[in-house]
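Student: What follows is a structure written as structure tokens; I'll ask about it next.
The values are calculated or read from the model by the stated rules, or taken from the named source; none is laboratory data. This structure is a prediction, so every number in the text was calculated from the model and none was measured. FYI the Cβ positions are ideal-geometry reconstructions off the backbone, even for glycines, and counts take in every protein chain you see. Note: accessible area is taken over every heavy atom of the protein model, side chains too, but ligands, DNA and RNA are not part of it. Shrake-Rupley method; radii C 1.70, N 1.55, O 1.52, S 1.80 Å.
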Amino acid sequence: MKLTRLVAFAFVSFFCYGIVNWLMSAGQLHLSTTHVSTAHMWQGLLIALVLYFVGILAVYVNRMLGFYGLGLVILIYSLGLISALVSGYQSMAGMEIKLLLEAVAAIGLAVNFYTVVLLTRWRKQTNS
């Protein structure tokens, strides 16, 4: 298995999280009950980018540490996507906006699950 496929899915996971983060923080969409400033949205995205980058870098530098590091980052942001699913379902936004949020979050969770599957296969392959 190529390592580039694993890294590509990690970046797709990050972009799905970024879209969900933007949707949840956009005040005019009424998906969140609290107001989130643009600076806080960018701060959250920057932290996510750094964590994903450190996890991917750890994959290239130290194989086993990278597996656990990237797996932990994906798990943390999967919980965020689950939270967005629940918050979007309970929001007062229009049905189209809710559907968009739910679809992107569900795609993000599917990508995260597949990335963890790829990580597990990759770990088994490098241990053999």
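Student: Would you call residue 45 out of contact with any Leu (no Cβ under 9 Å at 6 or more places or on another chain), under 30 Å from residue 4 (Cα atoms), open to solvent by 40 Å² or more (accessible area, probe 1.4 Å) and among the aliphatic types (A, V, I, L, M)? Reasoning before the result, please.
Tutor: Working: out of contact with any Leu (no Cβ under 9 Å at 6 or more places or on another chain): yes; under 30 Å from residue 4 (Cα atoms): yes; open to solvent by 40 Å² or more (accessible area, probe 1.4 Å): no; among the aliphatic types (A, V, I, L, M): yes.
Judged against the criteria, residue 45 is not a match.
Student: Given the residues 77, 17, 60, 68, which is the only one that is under 22 Å from residue 97 (Cβ atoms), open to solvent by 30 Å² or more (accessible area, probe 1.4 Å) and in a helix (DSSP H, G or I)?
Tutor: On the way: 77 fails: open to solvent by 30 Å² or more (accessible area, probe 1.4 Å); 60 fails: under 22 Å from residue 97 (Cβ atoms); 68 fails: under 22 Å from residue 97 (Cβ atoms).
Exactly one residue qualifies, and that residue is 17.
Rundown of residues vs (1) more than 17 Å from residue 81 (Cβ to Cβ); (2) assigned to a loop (DSSP other than H, G, I, E, B); (3) at pLDDT below 80, yes/no style:
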| residue | (1), (2), (3) |
| --- | --- |
| 28 | yes, no, yes |
| 31 | no, yes, yes |
| 43 | yes, no, no |
| 56 | yes, no, no |
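Student: Also, quick follow-up: Scanning for something open to solvent by 90 Å² or more (accessible area, probe 1.4 Å) and of a type outside the set (D, E, K, R), does segment 116-124 turn up at least one residue?
Tutor: Going through segment 116-124, the residues open to solvent by 90 Å² or more (accessible area, probe 1.4 Å) turn out to be 121, 124.
So of that shortlist, the ones also of a type outside the set (D, E, K, R) come out as none.
The answer is no; no qualifying residue exists.
Student: Does residue 96 satisfy being without any contact (Cβ under 8 Å) to a residue 60 or more places away in the chain, assigned to a helix (DSSP H, G or I), of a type in the set (Asp, Glu) and surrounded by fewer than 13 Cβ atoms within 10 Å (Cβ to Cβ)? Explain how you work it out, then say what you get.
Tutor: Numbers: without any contact (Cβ under 8 Å) to a residue 60 or more places away in the chain: yes; assigned to a helix (DSSP H, G or I): yes; of a type in the set (Asp, Glu): yes; surrounded by fewer than 13 Cβ atoms within 10 Å (Cβ to Cβ): yes.
Judged against the criteria, residue 96 is a match.
Student: Let me ask another. Of all the residues that make up segment 4-14, how many are under 14 Å from residue 52 (Cβ atoms) and either out of contact with any Phe, Trp or Tyr (no Cβ under 9 Å at 6 or more places or on another chain) or open to solvent by less than 10 Å² (accessible area, probe 1.4 Å) (or both)? Even if it seems obvious, please write down each step before you answer.
Tutor: Just the residues of segment 4-14 that are under 14 Å from residue 52 (Cβ atoms), to begin with: 6-14.
Of the ones still in play, those that are also either out of contact with any Phe, Trp or Tyr (no Cβ under 9 Å at 6 or more places or on another chain) or open to solvent by less than 10 Å² (accessible area, probe 1.4 Å) (or both) are 6, 8, 10, 12-13.
Final tally of qualifying residues: 5.
Student: Inspect all residues belonging to segment 21-42 and state whether any of them is under 30 Å from residue 2 (Cα atoms) and either crowded, with 17+ Cβ neighbours inside 10 Å or not hydroxyl-bearing (Ser, Thr, Tyr) (or both). Break it down into steps so the answer makes sense when it comes.
Tutor: Of segment 21-42, the ones under 30 Å from residue 2 (Cα atoms) are 21.
In the following step, the residues that additionally are either crowded, with 17+ Cβ neighbours inside 10 Å or not hydroxyl-bearing (Ser, Thr, Tyr) (or both) were identified as 21.
Checked against the condition, which is being under 30 Å from residue 2 (Cα atoms) and either crowded, with 17+ Cβ neighbours inside 10 Å or not hydroxyl-bearing (Ser, Thr, Tyr) (or both), segment 21-42 yields at least one hit.
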